[in-house]
Amino acid sequence: MTPSIEPLGDSAAIVAWRLLDEAAARRAIQNATEHLDHNRIDGVIAVAPAFRSLTVYYECGKLAWLEVEKWISDSLNSVPITLETPQQQLKIPVCYDPEFALDLTAVADAHDLNTGDVIRLHSNANYVVQMIGFSPGFPYLAGLPSQLHTPRRASPRIQVPAGSVAIGGAQTGIYSSKSPGGWNIIGRTPVQLFDPQRNPPCLLRSGDVIRFIPIDRQQFDDFRERT
Amino acid sequence: MNRVHILRSGLCSTVQDRGRAGFRHIGVPLGGALDSMAHDLANRLAGNPVDAATIEMTLTGDEIEFTHDTLIAITGADMAPTLHDSSDLPQPVAQHCPRLIPAGSRVRFQAARRGCRSYLAIAGGVDVPVVMGSRSTVLRAAFGGHGGRMLTAADDLAIGTPSEAGRQTLERLLAKRSGTGRQVHPHWFVRPIDLPNPDIATLRIVPGAHMTCLCSSGLERPSDAAFRVSSQSDRMGYRLIDQRLELEHREEMLSEGVIPGTIQLPPDGNPILLMADCAPTGGYPRIGHVISADLGIAAQLRPGQLVRFAMVTLDQAQSVFRQQRLMLTKALSMAGLMIHG
C-alpha cells in the first residue's frame, strides 16, 4: 500500500498509512523509518515513527517542499521488503501493590473483575511498543486484552509518579518520568525507562515486545536498591 | 575560570542553546531558545559560535553578578538592563552590541517593556554539562541546562573559554575604558530583530491537515479572528482565547507528529500554539502552522497580547524563511566582522 505524503507546516512531512491495520502499519513504518533515516540527504534532520505514520523533519532553509516530497517518495519505492528490524524482547517487573496501583480497584470494578483478575490478565499478554512519545521515553503499548480496555479518567492527575504503569482506552503505557496524566494507574515498575545520562537514553524502541512480570513490594524495593 | 552569580531570579530563566533535533523518536522535545534568531545574534555579538548556551529570560529578568571583566551581548525583549557598581548611578546597558561588564559589577534586568524573552550571551557561553548533545533545559522532564530547572537566586554558573574574537573584543573594550574611564561598548549596534506589534501581532500560517474541517457556520478560517494569548502559556505552548473555533465533525485520531508552530484545536475550541518544548506528537486536530520565519515573533508574544493569523502558501513560507536567514547571515557576519575588526 502506498502511504500518503503530506506537509506538516513548512519544515516537516507526515508519511501516513492510515488505512493499514495496526501490525501491518507498524512493520511498514519501521522499515520506512529505518530506510529513510539511513538515506538522509543534506537538510533532512531526523525521522521519527508514530502510530500510523512517521514524521520527517527538515531544514526549510536548505530544502523546498517539492524536493523533500520527491526524496521521500523515491526512497519509499526502494524500501527493501525483506528488511527485518531486530526487536528486543524484554521483561518489565511491575509491582501492583495498592500503594502504587491508585486505580486498580476502579479498573476491576469497571469490568466486574477482582483486582487479582486484572493483574493476571495484564501480566499474561505480550505487548508491542507502537511508539515512544508524549514524554521522553513513554512507550505506547498495543496488545491490552479487551477485558481491560478502560476509558481515561474524567479529570487527569496533575502529577503521576515516574514508573507508573497505566491503562488508557485500548492501550497500556508506562509513565517514564513524572508528569501530568489521565490514564488509570494499575502498578509501578522500578525500571528506569528513560535516563538522559545513559546511552542510549531510552530503554525501549518501537517494535520491541515486552511482558510484565508481577513483583511484590519487597522485590520492588530490592530492585531499586540494586540499581 | 569565569563564573556568574544569580542574585535575583526572573520569572522563568533557563539555559538554552539550539536544542536537540535528533531525539524526537524517543519523545524528547526539540527545545532550545524560543526566539532562536535573537539567541544566535546574541552569541555572535559575544564572539560565540551560534550554538553556545545563553540565558533566556521571560517577562522579568534576573540580577546577575559578574566576577571577572566579561564580554556580553543582550538581544530580544527590552528588559531595560542596567549596570550597577559600587560607585556611580546605574547606567543603562545597550542591547544588540558587545558590551564590557567590569569585574564585581551587576547587571539588573527588569520587567520587559516590549517583547517577552530576552537573551543574554556571555563570551565563552554558559558552560553547563552537555546532555544528549545539548545544553538546553527541558523543564518538564527536568534535565539539561542548570540541573534541569529554572535559575534561582544563589545559582552559580560556569562560563566557558571565550573565542579568539571574543577575547580580542574584550581587550579592545578594556583599553577603551582605561582611556576614557566610562566607555565600555562600541559605537555601533546591529539592527534589532522585529518584536511583535504590541497592539495586535500578526503571525503568518500555512494550512494544517484539518483546516478544511473547520465549521462553516462559525469562523471558517483561523485568519478571520483575533485571539488573545492566555496566561496559561509557557515554553511548551500558548493557549489562545477570546475566540473559539469549531470542527464540522470530530473523529478520534491517533497521535501524529507536530512541530513548534503547530496550532492544535482541542475539544474546547481554544487553539493551542505549540512552542519549542512541545511533545513531538499530539492527538488534537491541526488547523494550521505558524511559519518558521515567524516563530521568533511568536516567542516574543506576551500573555494578554492580541494576535491574528495571515494565511500564506507553503512556497511563500519557505521563501520568506530563506530570505530571513540570508538577512540574518548578513547581520551575523557583519557582527562578526565588527567584532574582528
Starting from region A:8-36, keep only residues that are of a type in the set (Asp, Glu), then list their pairs with residues that are assigned to a helix (DSSP H, G or I) whose Cβ atoms are within a distance under 8 Å, requiring at least 6 positions of separation or different chains.
-> A:Asp10/A:Trp65; A:Asp10/B:Ser292; A:Asp10/B:Leu314; A:Asp10/B:Ala317; A:Asp10/B:Gln318; A:Asp10/B:Phe321
Per the list (1) of a type outside the set (Ser, Thr, Tyr); (2) more than 14 Å from chain A (Cβ to nearest Cβ); (3) in contact with a Lys or Arg (Cβ under 7 Å, 6 or more places away or on another chain); (4) under 20 Å from B:Arg24 (Cβ atoms), residue check on B:Arg235 breaks on (3)
Please work out which residue is farthest from B:Met79 (Cα to Cα), limiting yourself to region B:288-319 and to residues that are facing chain A (nearest Cβ under 9 Å) and among the hydroxyl-bearing types (Ser, Thr, Tyr).
-> B:Ser319
What are the residues in region B:286-304 that are more than 15 Å from the chain's Cα centre (by Cα) and buried (at least 23 other Cβ atoms within 10 Å of the Cβ), if any?
-> B:Arg286, B:Ile287, B:Gly288, B:His289, B:Val290, B:Ile291
Taking region A:136-173 only, how many residues are assigned to a loop (DSSP other than H, G, I, E, B), touching a Lys or Arg at 6+ places or on another chain (Cβ under 7 Å) and of a type in the set (Gly, Ala, Ser)?
-> 2
Residue among B:Leu100, B:Leu7, B:Leu71, B:Leu30 that alone is touching a helix residue (DSSP H, G or I) at 6+ places or on another chain (Cβ under 7 Å), of a type outside the set (D, E, K, R), part of a strand (DSSP E or B) and modelled with pLDDT of 95 or more | B:Leu71
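Against the definition (more than 11 Å from chain A (Cβ to nearest Cβ), surrounded by fewer than 24 Cβ atoms within 10 Å (Cβ to Cβ) and of a type in the set (A, V, I, L, M, F, W, C)), how does B:Met150 come out, yes or no?
Yes; evaluated as a whole, the condition is true for this residue.
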Among A:Gln197, A:Gln171, A:Gln159, A:Gln219, which is the only one that is of a type outside the set (Val, Ile, Thr), within 14 Å of another protein chain (Cβ to nearest Cβ) and surrounded by 13 or more Cβ atoms within 10 Å (Cβ to Cβ)?
-> A:Gln171
Matching residues in region A:97-139 - criterion: being touching a residue at least 60 places away in the same chain (Cβ under 8 Å) and of a type in the set (D, E, K, R) | A:Asp97, A:Glu99, A:Asp103
In region A:7-27, how many are out of contact with any Asp or Glu (no Cβ under 9 Å at 6 or more places or on another chain), modelled with pLDDT of 90 or more and outside any loop (DSSP other than H, G, I, E, B)?
-> 1
Here the residues within region A:40-72 that are without any contact (Cβ under 8 Å) to a residue 12 or more places away in the chain, under 17 Å from A:Ala16 (Cα atoms) and surrounded by fewer than 19 Cβ atoms within 10 Å (Cβ to Cβ) are A:Lys70
Filtered residue count, region B:265-279, keeping only those that are more than 14 Å from B:Ala33 (Cα to Cα) and not in a strand (DSSP E or B) = 8
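Here is a yes/no grid of residues against (1) away from chain B (no Cβ under 14 Å); (2) not small (Gly, Ala, Ser):
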site: A:Leu19; (1), (2): no, yes
site: A:Thr55; (1), (2): no, yes
site: A:Cys60; (1), (2): no, yes
site: A:Ser78; (1), (2): yes, no
site: A:Leu104; (1), (2): yes, yes
Taking region B:247-272 and keeping residues of a type in the set (D, E, K, R) and facing chain A (nearest Cβ under 10 Å) leaves B:Glu252, B:Glu256
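The values are calculated or read from the model by the stated rules, or taken from the named source; none is laboratory data. The model shown is predicted, which means the values in this text are computed figures rather than measured ones. For neighbour counting, all protein chains shown are included, and Cβ atoms are generated from backbone atoms with ideal geometry for every residue, glycine included.
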